[in-house]
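Worksheet: one structure, shown below.
Values quoted throughout were computed directly from the atomic coordinates according to the rules given, and no laboratory measurement underlies them. Remember, predicted model here, so these are calculated numbers, not experimental data. Because the Cβ atoms are built from the backbone with ideal geometry, glycine has one as well, and the counts that use them run over all protein chains shown.
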Amino acid sequence: MKILIFAAHADDLELSMGGTVRRWVDEGYRVDLILLDRPADKSSLIRASTILGYNYIPLGLTRDSLEREVIASIDIDEYDLMVTHWREDYHHVHQRVHRIAKQLARGRSTEVWYMNSHPYRSEYRDFIPNVFVGFDPQQAKAKSMALEVYGNKVRDHWKVEIDLMDAYWSSTSNNKHGQFTEAFMLDRKFI
Ligand SMILES: [Zn+2]
């Protein structure tokens, strides 16, 4: 199983799905991260990727964010699953990643999930999760360590809210696979 996380910023994966990624890596899946723009602080990204076990794949473009070039640089057929940002995400770069991801996935067999990019915010337009991934305390610890790499950017009260959210989804989804849970939306496919 090969999984692609296609995100806008270096800490998006850690905030939204750090526990899930650690679990997938523990289970032997390959998890690649592609970012729309070059990360401002690459050394933090590399440290976080080592903690969670994913591979950061730089796009190696001459200029950032050229949609055509980004689409041409990603071999979506290589992946069984792509996780990306939700269309109603309030951050405009996240929305842009969503639109590019939709183009990438069109007509392909790769399954698409959307991550909850702002788990520390209570309002989140139209995000109605239908996929829940549970993880154990060790995987939760890895998530929290990876978040700490980003220092002040991920403020302490976010971390508390993220922990609460993980526990909340665990109880509401009755997840038997762990006491922490991250929530996703599976894209509907019309065949
Ligand atoms: Zn972001």
Net dipole in debye of the chain [+1 Lys, Arg Cβ; -1 Asp, Glu Cβ; about Cα centre; nearest 20]: 220 debye
Sorted from fewest to most neighbouring beta carbons within 10 Å, what does the list S117, S170 look like? S170, S117
Looking only at GluC sites (Glu not before Pro) in DSSP loops with at most 16 other Cβ atoms within 10 Å, what is the longest site-free stretch of the chain? 124-191
Residue (of H157, L104, S49) at the positive-pole extreme of region 2-186, dipole from beta-carbon charges: L104
With the contact rule set at Cα under 8 Å and sequence spacing of 6 or more, what percent relative contact order holds for the chain? 26 percent
Of S16, S49, S73, the most mobile residue in a GNM of the chain (C-alpha springs, cutoff 10 Å) is S73
Under a 10 Å cutoff between Cα atoms, tell me which one of D166, D89, D156 has the largest fluctuation in the Gaussian network model of the chain. D156
37 °C / 0.692 mPa s Stokes-Einstein diffusion coefficient of region 1-134, Kirkwood radius on C-alpha pairs, µm²/s: 218 µm²/s
Springs between alpha-carbon atoms under 10 Å, Gaussian network over the chain: tell me which of Q139, Q103, Q95 tops the mean-square fluctuations. Q103
For the chain, what is the mean residue ellipticity at 222 nm derived from helices alone (per DSSP H run of n ≥ 4: -39500 (n - 2.57); sum divided by total residues; nearest 500 deg cm²/dmol)? -12500 deg cm²/dmol
Would you mind finding the longest exposed-site-free stretch of the chain, with exposed trypsin sites (Lys or Arg not before Pro) meaning DSSP loop and at most 14 other Cβ atoms within 10 Å? 1-62
Enumerate by residue number the chymotrypsin sites (Phe, Trp or Tyr not before Pro) in region 35-106 meeting two conditions: DSSP loop (anything except H, G, I, E, B), and at most 16 other Cβ atoms within 10 Å of the site's Cβ. Y90
If I take R0 = 30 Å and measure r between the Cβ atoms of A167 and R106 in this structure, what FRET efficiency does the formula 1/(1 + (r/R0)^6) give, to the nearest 0.05? 0.25
Give the calculated FRET efficiency between R188 and S43 to the nearest 0.05, with a Förster radius of 35 Å applied to their Cβ-Cβ distance. 0.35
